[in-house]
1. Which of (1) within 21 Å of the chain's Cα centre (by Cα); (2) more than 21 Å from residue A:134 (Cα to Cα); (3) surrounded by 19 or more Cβ atoms within 10 Å (Cβ to Cβ) is the odd one out, the single condition residue B:81 does not satisfy?
2. Using the structure shown, decide if residue A:206 is in contact with a strand residue (DSSP E or B) (Cβ under 7 Å, 6 or more places away or on another chain), within 9 Å of chain B (Cβ to nearest Cβ) and part of a loop (DSSP other than H, G, I, E, B).
3. Being under 14 Å from residue B:88 (Cα atoms), assigned to a loop (DSSP other than H, G, I, E, B) and in contact with a strand residue (DSSP E or B) (Cβ under 6 Å, 6 or more places away or on another chain) is the filter here, so list the residues in the stretch B:29-45 that pass it.
4. Please indicate, with yes or no, whether at least one residue in the stretch B:257-266 is part of a strand (DSSP E or B) and out of contact with any helix residue (DSSP H, G or I) (no Cβ under 9 Å at 6 or more places or on another chain).
5. Find the residue count for the stretch B:298-323, including only residues that are within 33 Å of the chain's Cα centre (by Cα), under 20 Å from residue B:214 (Cβ atoms) and within 7 Å of chain A (Cβ to nearest Cβ).
6. Looking only at the stretch A:18-41, filter to residues that are more than 17 Å from residue A:90 (Cβ to Cβ) and free of Cβ contacts under 8 Å to residues at least 24 places away in the same chain; which one of those is nearest to the other protein chains (Cβ to nearest Cβ)?
7. Quick check, is residue B:224 touching a strand residue (DSSP E or B) at 6+ places or on another chain (Cβ under 9 Å), touching a residue at least 12 places away in the same chain (Cβ under 8 Å) and more than 9 Å from chain A (Cβ to nearest Cβ)?
8. Where residues in the stretch A:167-183 are at the interface with chain B (Cβ under 7 Å from one of its Cβ atoms), touching a strand residue (DSSP E or B) at 6+ places or on another chain (Cβ under 6 Å) and surrounded by fewer than 19 Cβ atoms within 10 Å (Cβ to Cβ), which of them is nearest to residue B:254 (Cα to Cα)?
């Protein structure tokens, strides 16, 4: 099975975003970066499928040139080769522009399976995978918590709302978005890191792929959400705190 | 110029509750843009359910029913809604940000070659144009977003009040949309829907929720929170780590990967307030946070804060309520 997995490099989750001078995006110059956590689960699932059924895992990322380190991480964990589409505008690209870029790189490769994470920890559109399926003319299934490949049929379990699940089947080639928590993500070994240095990493630009980066959703302003509430802190010993809280919930908030 | 609101039917037949939140959002946007608002209902029983939608203040309701759409698939939904959009030519398509919408709306928008502004928490109109507010960086930032031309917009759970969807003076006219769907376009074979746990819990319908986080420390302590929930006549819920550890079933999980709730009272015990949790409960009317750590981010959105040991505070609360 030829499996493509899409990986995004994002600012680390514990980093507090700083605004750029224009106030319409972040200044990520000093931000520590990491592999988008939901994508790490997609990568792990790709590696497990390859180990069970054979084939190849290709890690593809659309980002700045620094995103090469995220692809190297995937190669160290066991991916066979990487494709980096690099452009300084890619981190701020909207979901459609990102998916168009990825599609242009993936389409000529005719993969059997494309995996993505659920959403990114930065822009959080939660769309690139599904759009990519449309652009590649592949069937898709989202929020996947279990994958079984039987020949060219994928037997899947999807997470629905409110504790419900659904079984779905689809034939390859197909695209799946993977739900976080589906597996336990592996660490790269020292041997893996060493091997990764020799694995191929192909670099392209959107121009070379014939893609114009053009955001249709324009962020006119980025800002810290206003603190909407003035918290009333209840003081004293636990019994006093409890008495005050019940009083306030009954008579001020009127929710009891 | 018009606004189209896409509703969602549950597999069990009735409307998904978030449909009404989307209707409210669409009505408010339509009023601000001075644009008519149409509703669409799609799937098995759509014709039957259309009456309820037509009771809302809408300029029309479109019904799409077809054997190929009886069981939801992204392929079927996309084909059907593409036909509706071509017919009605709206400027804005509003959808509820449900799991189902996340599954097909990006595809629908991409097929139209248009953007989907997902997970919108607020909308307003400036100089005749819509501005959508969505959160980035896990809620640490808000963005004002504008779109030139047709925009698809999904609204975050709890950001608009479903009970504020205005009723119309008279029922909106209902029309049936005739579509041709070649069954072979549907490539995913939907199967059985099931719950792994008993599944009697609908957190979204609860008026009071007592929720536990890592601070509860041990599964043996869950009954303490459960007792408080019972006394308050509420449901017990949890943050993701508690469900991942198997201390409570997944269906009781509140947050970005669980349920989004907006009860009258949300009482959080030992939950620090990571954004993945906060997005699922910040729409609650009254939020109480109990936490040992006074710098817990949840205190930023709490109406009432109790800095203290939950193992002392909760028994005191139980005693107070039993008085």
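1. The failed condition is (2).
2. Numbers: in contact with a strand residue (DSSP E or B) (Cβ under 7 Å, 6 or more places away or on another chain): yes; within 9 Å of chain B (Cβ to nearest Cβ): no; part of a loop (DSSP other than H, G, I, E, B): yes.
Answer is no for this residue.
3. Scanning the stretch B:29-45 gives a single hit, B:35.
4. Within the stretch B:257-266 (the criterion being part of a strand (DSSP E or B) and out of contact with any helix residue (DSSP H, G or I) (no Cβ under 9 Å at 6 or more places or on another chain)), the answer is yes, since at least one residue qualifies.
5. Number satisfying all stated conditions: 10.
6. If we filter the stretch A:18-41 for residues that are more than 17 Å from residue A:90 (Cβ to Cβ), which is where we start, we get A:18-19, A:21-23, A:30, A:32, A:37-38, A:40-41.
From what's left, free of Cβ contacts under 8 Å to residues at least 24 places away in the same chain: A:18, A:21-22, A:30, A:32.
Values: A:18: 10, A:21: 16, A:22: 13, A:30: 15, A:32: 14 Å.
Only one residue tops the list, namely A:18.
7. For residue B:224, the condition - touching a strand residue (DSSP E or B) at 6+ places or on another chain (Cβ under 9 Å), touching a residue at least 12 places away in the same chain (Cβ under 8 Å) and more than 9 Å from chain A (Cβ to nearest Cβ) - is met.
8. It comes out as A:167.
The values are calculated or read from the model by the stated rules, or taken from the named source; none is laboratory data. In this text the structure is predicted, and so the values were computed from the model without any measurement. Virtual Cβ from ideal backbone geometry, glycine too; neighbours counted across all protein chains shown.
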